[in-house]
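Asker: Got a structure for you, written out below as structure tokens; questions coming shortly.
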Amino acid sequence: MGLTVAEKILARAADKNTVRPGDIIEPAVDLAMSHENAALVINQFFEVYSGTGLQPKVWDPARIAIIFDHRVPAESSKTANNQKKIREFVKEQGIGKFHEIRGDVGGICHQILPEYGYVRPGYMVLGTDSHTTSHGALGAFAMGIGATEMASVWSLGTILNLEVPGTIKILVNGTLQPAVYAKDIILNIIGNLTANGATFKVLEYHGSVIREMSVSGRLTISNMSVEAGATAGIVPADDTTIRYLRDVAGVTDEIEPVSADENAVYEKTVEIDVSALTPQIACPHTVDNVKPVSDVEGMELNQIVIGSCTNGRLEDLEIAAKILKGKSVADNVRMLVFPASARIYNEALKKGYLSDLSASGAVIMNPGCGCCLGVHQGALADGETALATTNRNFKGRMGNPNADVYLCSPATAAASAITGKITDPRHERI
Amino acid sequence: MAKVILKLGDDISTDTIYPGRFMATVLPTETPAFAFADYKEFNKNLNDKKFTPGSIIIGGNNFGCGSSREQAASCLKGHELVIIAKSFARIFLQNAVNLGLKTITAPDIEAHENDELVIDEAKIFNRSSGKTYKTIPLSGTRQAVMDAGGLIRYTRKRLLKTNART
Ligand code: SF4
């Protein structure tokens, strides 16, 4: 029987000829990523070694990536102390892929990993962040884990007792209408699957729309796969993947795409024709509460956020800048833009996107997670409403359980910034 | 026998269990203070030790969805709570197992605050309603990690074994 992409990657990593859903395996890890929560991983890592008489040593410092992004620059002495502890550990253990708070190499972990070629097709990637599913966009098996699990991985180089998940095939065909993007597609998919419709499953994306999509769009899709509960969200690698890794990430060594077997066994296949898809929006307080934007048009807004590991890439900033160029952000809203990485920030600066956005009234913030998780900047007041290109709208997500968060594409966010109300981007010329 | 101290609906996210603004606090010894911090009265009762260890939180489907933050499991473990839900989100369930937080999947569970439940091997008896609900056991490997007292001890054993071999 044939194998899906996830099964092939896991079989290879576990040194087996084949695996089946439900098998318990111990795959070797190609890349282990953490951010500020490395502070907790370090604590648990030392706990593992405590009383063993062994010198705490990570299994392979070259395969560990640590990226500061969640609270940059530090918002409190507590965070600053965590970051200091991590820096010391990085030095002590010789960790190779470390990204500091910097204007040249900094950024959100889920942008840095692709941008620097740290993830390759066929890799087994683990990260102490639920949106680690993002890296499936490059044809890798990538999933989020907790800090103690990561401490175990740092000690052993494998993940213990992994149950091979079954795979759901998602076929996306049709022709996208103007003002409809990858974000609208994945919101629609999550709305259909529901928030736990893919729990313990892998989503494997196929179809002409996915094949024609840029890596940036694919990252948006894989990123949000976890919002349907998925363990991983994989876009099998193709020429677009290879071109990205060569041209953008500067990878020079061999790249080996993994594709599913013809006779691979899927738990089910979900087919979507996007030809009639309109701009979508996730309404409070769950990501699967998805509606067409036109259903909630006119809702008054207080804050608009463009950025995050979902939609803070160059293409996203370009769309927003095109819509807002020469226009003005409405008086009743604050618009915050945080590019996903320093490199994107600098490219957007050169291309003039940032000055167009700034001139329209948007505040350009430093690259990082910004207000996405509600701990650092851009908290909401009681009773306020935000429209964001981020990936979560749970109660309290933007720092206040008494506020509402809606999720949409950069085009919808930018069009809404002009009116100060939720606005269908099809009214704008893009 | 243990008492239900909080009853929740579907899709309770880690932002609700352990709000993001407390995420700079990471140590399992310090996180319990912020469990359900936005449920002010409940949080205060927890911190004032109003509930006995083994007290129960009832969740609906997809309990613990969202972020991978382990604080959401460690803060509940610190109060020695038991979580019964119709289903759990993957990362939360694994974090709970890794930290030794007791979780029980009971797809049809119905219980209200202050109900008294008797938890058995394969079922839960609600003394207040007189009804019995079946439970789905943890997988063998997850149970093995629980039995070892969590993933730290489980990994430590493996580490010593591997090192003895080389
Ligand atoms: S941008 Fe938001 S979702 Fe993405 S890694 Fe940062 S906090 Fe998480």
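The values are calculated or read from the model by the stated rules, or taken from the named source; none is laboratory data. Since we're looking at a predicted model, the values are computed, not measured. Cβ placement follows ideal geometry from the backbone for every residue including glycine, while neighbour counts extend to all protein chains displayed. What goes into the accessible areas is simple: the full protein's heavy atoms, side chains included, and nothing from ligands, DNA or RNA. Shrake-Rupley method; radii C 1.70, N 1.55, O 1.52, S 1.80 Å.
Asker: Identify, please: which residue in region B:29-76 is within 11 Å of chain A (Cβ to nearest Cβ) and open to solvent by 50 Å² or more (accessible area, probe 1.4 Å) and is, among those, nearest to A:Gly197 (Cα to Cα)?
Answerer: My answer is B:Asn61.
Asker: Then there is this: Has region A:95-106 got at least one residue that is within 14 Å of another protein chain (Cβ to nearest Cβ) and within 16 Å of the ligand (Cβ to nearest atom)?
Answerer: Scanning region A:95-106, I find no residue that is within 14 Å of another protein chain (Cβ to nearest Cβ) and within 16 Å of the ligand (Cβ to nearest atom), so the answer is no.
Asker: Across region B:141-166, what is the number of residues that are more than 8 Å from every other protein chain (Cβ to nearest Cβ) and not in a loop (DSSP other than H, G, I, E, B)?
Answerer: Looking only at that region, the number is 8.
Asker: So, restricting to helices (runs of 4 or more DSSP H) that lie completely within region A:301-385, which ones have at least 2 residues that are over 15 Å from A:Pro410 (Cα atoms) and away from the ligand (no atom under 16 Å from the Cβ)?
Answerer: Helices (runs of 4 or more DSSP H) meeting the threshold: A:342-350, A:353-360.
Asker: Is it the case that A:Val48 is facing chain B (nearest Cβ under 10 Å) and surrounded by 15 or more Cβ atoms within 10 Å (Cβ to Cβ)?
Answerer: Considered against the rule, which asks whether it is facing chain B (nearest Cβ under 10 Å) and surrounded by 15 or more Cβ atoms within 10 Å (Cβ to Cβ), A:Val48 comes out as yes.
Asker: Can you tell which of A:Ile42, A:Ile24 is under 21 Å from A:Gly157 (Cα atoms), within 13 Å of chain B (Cβ to nearest Cβ) and open to solvent by less than 40 Å² (accessible area, probe 1.4 Å)? Steps first, please.
Answerer: Numbers: A:Ile24 fails: open to solvent by less than 40 Å² (accessible area, probe 1.4 Å).
Only one candidate passes the filter, namely A:Ile42.
Asker: Moving to a separate point now. Between A:Leu54, A:Leu31, which is farther than 22 Å from B:Cys75 by Cβ, at pLDDT 95 or above and in contact with a strand residue (DSSP E or B) (Cβ under 9 Å, 6 or more places away or on another chain)?
Answerer: That would be A:Leu31, the only listed residue that is farther than 22 Å from B:Cys75 by Cβ, at pLDDT 95 or above and in contact with a strand residue (DSSP E or B) (Cβ under 9 Å, 6 or more places away or on another chain).
Asker: Here's something else I'd like to know. Which of (1) more than 23 Å from A:Ile242 (Cβ to Cβ); (2) within 16 Å of the ligand (Cβ to nearest atom); (3) of a type in the set (Ser, Thr, Tyr) is the odd one out, the single condition A:Tyr118 does not satisfy?
Answerer: The one condition A:Tyr118 does not meet is (1).
Asker: May I pose another question? Is region B:8-27 home to any residue that is assigned to a strand (DSSP E or B) and not β-branched (Val, Ile, Thr)?
Answerer: Yes, some residue in region B:8-27 is assigned to a strand (DSSP E or B) and not β-branched (Val, Ile, Thr).
Asker: Just to be sure, is A:Gly361 more than 14 Å from every other protein chain (Cβ to nearest Cβ) and either over 21 Å from A:Ile108 (Cα atoms) or of a type in the set (Asp, Glu) (or both)?
Answerer: yes
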